[in-house]
Amino acid sequence: WIHQSISTKSDAITNQVLIASKLPIEPLQLPPTSFDEHFSSNVLPIKLPDIDLNIVGMRVPAYSNEQIGLLQKSWQWLEGVAALLKSSRSVLVGDLNTSIGRQDIPGLTLNKIIQSGWTHGNADCPPTYFGHKGRTSAIDHVLATPTTNIDRVMTVLSTGRYDLAGKPESISDH
């Protein structure tokens, strides 16, 4: 796919987000995420102008208990972006490091975003995280605004001869 965008690289060792598209991509301006370089490098807001669609690809870092302030700021930012984008054709997609129904800051905020009118596109999908000792959970999410229809969401565990997730020898734990 010739249209690609990658999130800003940090000086620290952090993950990044890549979005590849068949359609042209433009940057989408959102409030800054400068409170944490690990969060900033894990957020990629883009616009597909040909179909008037905003996409925020992201990963909320798995903050430790000592980093609760950063966790709160990350979810406050996400809740604010969800409110800002709610009236447009928009999708929030990625590893949010929480599951629906959890009773902590991430879980409660995710539920609040859904209750505000966002559709959870993969609520019925199987687990997307495959951890140690067979532990699984659904921490990867696709959320869409009321004006955006989600046709289908799929979890791809393998392609060709590559195991992407779901087995101990897989390329990723997602």
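Results, tabulated for the structure shown:
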{"item": "Lys pairs, the chain - Cα-Cα below 18 angstrom, 8 or more residues apart or on other chains", "result": "5"}
{"item": "Directionally averaged shadow of region 32-126, computed from the convex hull of its alpha-carbon atoms, nm²", "result": "6.6 nm²"}
{"item": "Area accessible to solvent at Lys112, 1.4 Å probe radius, in Å²", "result": "110 Å²"}
{"item": "Within the accessible area of region 9-162 (1.4 Å probe), percent carbon and sulfur", "result": "52 percent"}
{"item": "Karplus 3J(HN,Hα) series, Hz, for region 101-109 with 6.51 cos²θ - 1.76 cosθ + 1.60 (x for Gly, Pro)", "result": "x, 5, 9, 10, 3, x, x, 5, 5"}
{"item": "Whole-number accessible area per residue in Å² for region 1-54, which is evaluated in the context of all protein chains at 1.4 Å", "result": "62 Å²"}
{"item": "Diffusion coefficient, µm² s⁻¹, Stokes-Einstein with Kirkwood Rh over alpha-carbon pairs of region 18-80 at 4 °C and 1.567 mPa s", "result": "101 µm²/s"}
{"item": "Probe 1.4 Å, protein heavy atoms only - accessible area per residue of region 108-155 in square angstrom", "result": "60 Å²"}
{"item": "Over the chain: helical MRE at 222 nm, DSSP H runs n ≥ 4 each giving -39500 (n - 2.57), nearest 500", "result": "-5500 deg cm²/dmol"}
{"item": "Whole-Hz ³J(HN,Hα) from phi, Karplus 6.51 cos²θ - 1.76 cosθ + 1.60, for region 151-167, glycine and proline x", "result": "6, 6, 10, 10, 9, 9, 8, 8, 8, x, 9, 9, 8, 7, 7, x, 10"}
{"item": "Inter-probe distance in nm under a simple model that places probes 7 Å from Cα toward Cβ, at Trp1 and Ser87", "result": "2.9 nm"}
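The values are calculated or read from the model by the stated rules, or taken from the named source; none is laboratory data. Note that this is a predicted model, so its numbers are computed, not measured. Every residue, glycine as well, gets a Cβ built from its backbone with ideal geometry; the counts of neighbours run over all protein chains shown. The protein model used for the area step is the full one, side chains on, heavy atoms only, and it has no ligands, DNA or RNA in it. Shrake-Rupley method; radii C 1.70, N 1.55, O 1.52, S 1.80 Å.
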